[in-house]
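Here's the structure we're looking at; comments come further down.
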Amino acid sequence: MQKNKLTGMKEWKELKIHYNEIKKHNLRELFKHDKERSKRFSIYIEDFYFDYSKNLITSKTINLLLKLANSRQLKLETERMFNGEKINKTENRPALHIALRNMDKSAIFIDGKDITPEVFSVIEKMRDFSIKIRNGELKGFSNKKIKYIVNIGIGGSDLGPKMVVKALKYYSKRGIKLFFVSNVDANHISETLKEIEPEKTLFIIASKTFSTLETMTNANTAKNWILSHYKSKKSIPFHFIALSTNTKAAVDFGIDSKNIFEFWDWVAGRYSLTSSIGLSIMISIGFDNFIELLKGFHSMDNHFRNTPFEKNIPVIMALLGIWYNNFFKAETHAIIPYNQYLNKFPAFLQQLDMESNGKHVDKEGNEIEYQTGPIIWGEPGTNGQHAFFQLIHQGTKLIPSDFIGFIEPLNNLGDHHKKLMANLLAQTEALAFGKTREQLIKEGTSLELIPFKICKGNKPTNTILIKKLTPFSLGRLIAAYEHKIFVQGVIWNIFSFDQWGVELGKTLAKKIIPELDNSYNKPLKHDRSTNNLINLLKKGFSL
C-alpha cells in the first residue's frame, strides 16, 4: 500500500480544482486587476531579484502550493538533509553537498564524526596545489612550466567544473589554458591533444572510483601520449593527478599519492563541483575567487534553510515547477541565460535536474502515477530568439522558462548590454501578453495576415536579475537550482540523490565491448535488432 499517496492528498485535490479555475484566466487580466502584482510575486535578497509575477498564478495558487509543501513535511526533510541523515536510502548515504561550502565551519556529523575539518583540509590542499600551478612553481618532467590543464572526467566530474570555468572566464588566469575531455569518442581527446604540448600539460583524472569506462579510457590514452613523448614511466607523476576515493587504483596508474585529492561518497557527482572536483576551477580563477564561489553557495544554503517558504526562492521555484508539470502537463522547462559566459549553464542543469528527479517509483518502491522531473533545455539569449523561441511564442506546447540576466556587464562595449537586456525584458513581456487581433487591426495589419501574427501570450516565465556575474553570485544561482530540485523530489516522494537508471546502459556496454571484436565467436544473445547492429559494426555493410 502506497503511503501518503500524493494524488490522494487533500492539498493535491484542492490544487486540481483550482487549476480548472485558473486556466480560464490570462496574464493580461491578472496584471490589469492587480496593480501590486509585480511586487507581490517577487523576492529580493542582496543583489538577487526573483520576479515570478508573469506566471499563471494568483495568491490562492501560491497558498495552495505552500500548503502542499507543508503537508509533505518539507521543513523536516530539509533539516534531515542539512543534519547529515542518510536521506539517500537506496545507497545508504547522506546527501551533504552543503557541507562542501559550509563557510561558517559549523560542525556537521556523519555517524558521529564531524566532517567539516576534513572538508577544509582538502580545500587547503587544493589551495597549495593551485598556487604552485598558477605561479609556475610546479613543473613538468622536463622542468617546463605547466601551461595546459586537461580535466578528464564525465557527468558531474565534467559538466560542473566545465560550466563554472567557462562562466567565470572573466576572472581566470589567461596564461593557463583549460580543456575538458569527457566523451569516449576518440575525436574528443584527439582534438584536444593536437592543441597542447606534452611537456607543459597536466592531466586531472576526475573519477570517484577511478574505474569509469569513459574517463579511464581517455586517461590511458593521455598516459600513452605522455609515455610516447618521454619514453619513461617516471614522467607520469609529473603530468597526472587524481580526484578520487580510490587511492590504490590512482597510485597503480602512476600518480603520486600526494597528488590524489579526496572527495566522499556522500556527494553525488552532479553536486560535486565545490569539492576537489572543482580543482580545475580553482586553478583557473584562483583560491580567493573559489572561496567567493563557496560563499555564494553558502549564502543560498542559508536562505533556503532559514527563510519562510513564501519568501524562499528555491521553494517558490520548485512549487511553480510542480504547478506546470503536474497540473498544466508542461513536460519541459527552458533555461535562458542572457549572458554568453553562461552558455553551458542549461546543459549543466540538464544533468542536475534530470539525473536527480528522473524517477518512476516513489520512496516505497511504488509506481508513480504522476509526472516527475521535467525535460530541461535551453540556450543563451539572444541566440535562442532566432532559433526555438518561435515555438514558445506560437507553438502548441506550454513551455515555462527562466530568464537570467545581469544588471552590470563584465565587458562594457558600446550599447551591447543595453540591447541584450532590452531583448530579455521584451521577450518576457511578449510571452506574457502576446499580441491580440485588436492590436493588429489597430496597427493596420492586413486581414489575411492577422491569424499568422497573433501571439496568444499567457506563456509563463520567471526572471532572475542579478547585479553582476561574480563567483559569489554564480554560487548563489547554482545553489538555488540545487535546492529547487531537492524540494520537488520531496513533494514527488522520490529519491533525488541516486541514479540507478544510468547503471543499466553501463552494464550492457561492458558486455557488448568484447562482442565487437572480430575474434568473438560465441552466439550473440541480445534482441535481433541489437545482434544485427553488432554484426553491422563488425563487418561493415558487407553482410
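The values are calculated or read from the model by the stated rules, or taken from the named source; none is laboratory data. Worth saying up front: this structure is predicted, and the values here are computed from it rather than measured. Positions of Cβ are backbone-derived with ideal geometry, glycine not excepted, and every protein chain shown enters the neighbour counts.
Just give me the residues in segment 121-142 being surrounded by fewer than 20 Cβ atoms within 10 Å (Cβ to Cβ) and polar (S, T, N, Q), in sequence order. Listed by number, the residues that qualify are Ser121, Asn135, Ser142.
Within segment 72-92, residues that are free of Cβ contacts under 8 Å to residues at least 60 places away in the same chain sit with their Cβ atoms under 6 Å from residues that are among the polar types (S, T, N, Q), at 6+ positions apart or across chains, in these pairs: Lys86/Asn92. Within segment 464-519, the set of residues being farther than 30 Å from Asp47 by Cα, surrounded by 21 or more Cβ atoms within 10 Å (Cβ to Cβ) and basic (Lys, Arg) is empty.
Output yes when any residue across segment 328-338 is outside any helix (DSSP H, G or I), in the same structural domain as Val181 (by TED's automatic domain parsing) and not β-branched (Val, Ile, Thr), and no when none is.
Checked against the condition, which is being outside any helix (DSSP H, G or I), in the same structural domain as Val181 (by TED's automatic domain parsing) and not β-branched (Val, Ile, Thr), segment 328-338 yields no hits at all.
When segment 143-170 is limited to residues that are surrounded by fewer than 19 Cβ atoms within 10 Å (Cβ to Cβ) and in contact (Cβ under 8 Å) with a residue 60 or more places away in the chain, the one that is nearest to Ala219 (Cα to Cα) turns out to be Lys169.
Any residue at all in segment 470-489 that's over 30 Å from Asn289 (Cβ atoms) and part of a helix (DSSP H, G or I)? Yes, segment 470-489 contains a residue that is over 30 Å from Asn289 (Cβ atoms) and part of a helix (DSSP H, G or I). The residues of segment 480-524 that are among the small types (Gly, Ala, Ser), modelled with pLDDT under 95 and within 22 Å of the chain's Cα centre (by Cα), listed by number, are Gly501, Gly505.
Does segment 505-519 contain at least one residue that is farther than 30 Å from Ser272 by Cβ, free of Cβ contacts under 8 Å to residues at least 40 places away in the same chain and in contact with a Lys or Arg (Cβ under 7 Å, 6 or more places away or on another chain)? Write out each step before concluding.
Our first condition is that a residue be farther than 30 Å from Ser272 by Cβ; within segment 505-519, this holds for 514-519.
Narrowing further to those that are free of Cβ contacts under 8 Å to residues at least 40 places away in the same chain: 514-519.
From the residues that got through so far, the ones that are in contact with a Lys or Arg (Cβ under 7 Å, 6 or more places away or on another chain) too are 516, 518.
Within segment 505-519, one or more residues are farther than 30 Å from Ser272 by Cβ, free of Cβ contacts under 8 Å to residues at least 40 places away in the same chain and in contact with a Lys or Arg (Cβ under 7 Å, 6 or more places away or on another chain).
In segment 395-413, the residues that are more than 21 Å from Asn325 (Cα to Cα) reach residues that are aromatic (Phe, Trp, Tyr) with C-beta atoms within less than 6 angstrom, at least six apart or across chains, in these pairs: Gly405/Tyr338; Leu410/Tyr170. Being crowded, with 19+ Cβ neighbours inside 10 Å, closer than 25 Å to Asn143 by Cβ and either assigned by TED's automatic domain parsing to the domain that holds Pro237 or not aromatic (Phe, Trp, Tyr) (or both) holds for only one residue in Lys194, Lys200, Lys223, Lys177, and it is Lys223. Number of residues in segment 282-301 that are more than 20 Å from the chain's Cα centre (by Cα) and within 12 Å of Ile45 (Cβ to Cβ): the value is 0. Over 25 Å from the mean Cα position of the chain (by Cα), touching a residue at least 40 places away in the same chain (Cβ under 8 Å) and either surrounded by 13 or more Cβ atoms within 10 Å (Cβ to Cβ) or in a helix (DSSP H, G or I) (or both) - does that describe any residue in segment 438-448? There is no residue in segment 438-448 that is over 25 Å from the mean Cα position of the chain (by Cα), touching a residue at least 40 places away in the same chain (Cβ under 8 Å) and either surrounded by 13 or more Cβ atoms within 10 Å (Cβ to Cβ) or in a helix (DSSP H, G or I) (or both).
Please determine whether any residue of segment 356-372 is in a strand (DSSP E or B), without any contact (Cβ under 8 Å) to a residue 24 or more places away in the chain and either more than 19 Å from Ile57 (Cβ to Cβ) or in the same structural domain as Lys459 (by TED's automatic domain parsing) (or both).
Taking segment 356-372 as the starting set, the residues that turn out to be in a strand (DSSP E or B) are 361, 367.
Now restrict to residues that are without any contact (Cβ under 8 Å) to a residue 24 or more places away in the chain: 367.
The next check asks that each one be either more than 19 Å from Ile57 (Cβ to Cβ) or in the same structural domain as Lys459 (by TED's automatic domain parsing) (or both); those that pass are 367.
Yes, segment 356-372 contains at least one residue that is in a strand (DSSP E or B), without any contact (Cβ under 8 Å) to a residue 24 or more places away in the chain and either more than 19 Å from Ile57 (Cβ to Cβ) or in the same structural domain as Lys459 (by TED's automatic domain parsing) (or both).
Restricting attention to segment 397-430, the residues being within 18 Å of Ser42 (Cα to Cα) and either in a helix (DSSP H, G or I) or not β-branched (Val, Ile, Thr) (or both) number 10. In this structure, is Gly457 modelled with pLDDT of 95 or more, touching a Leu at 6+ places or on another chain (Cβ under 7 Å), among the small types (Gly, Ala, Ser) and outside any helix (DSSP H, G or I)? When the stated conditions are applied, Gly457 passes them.
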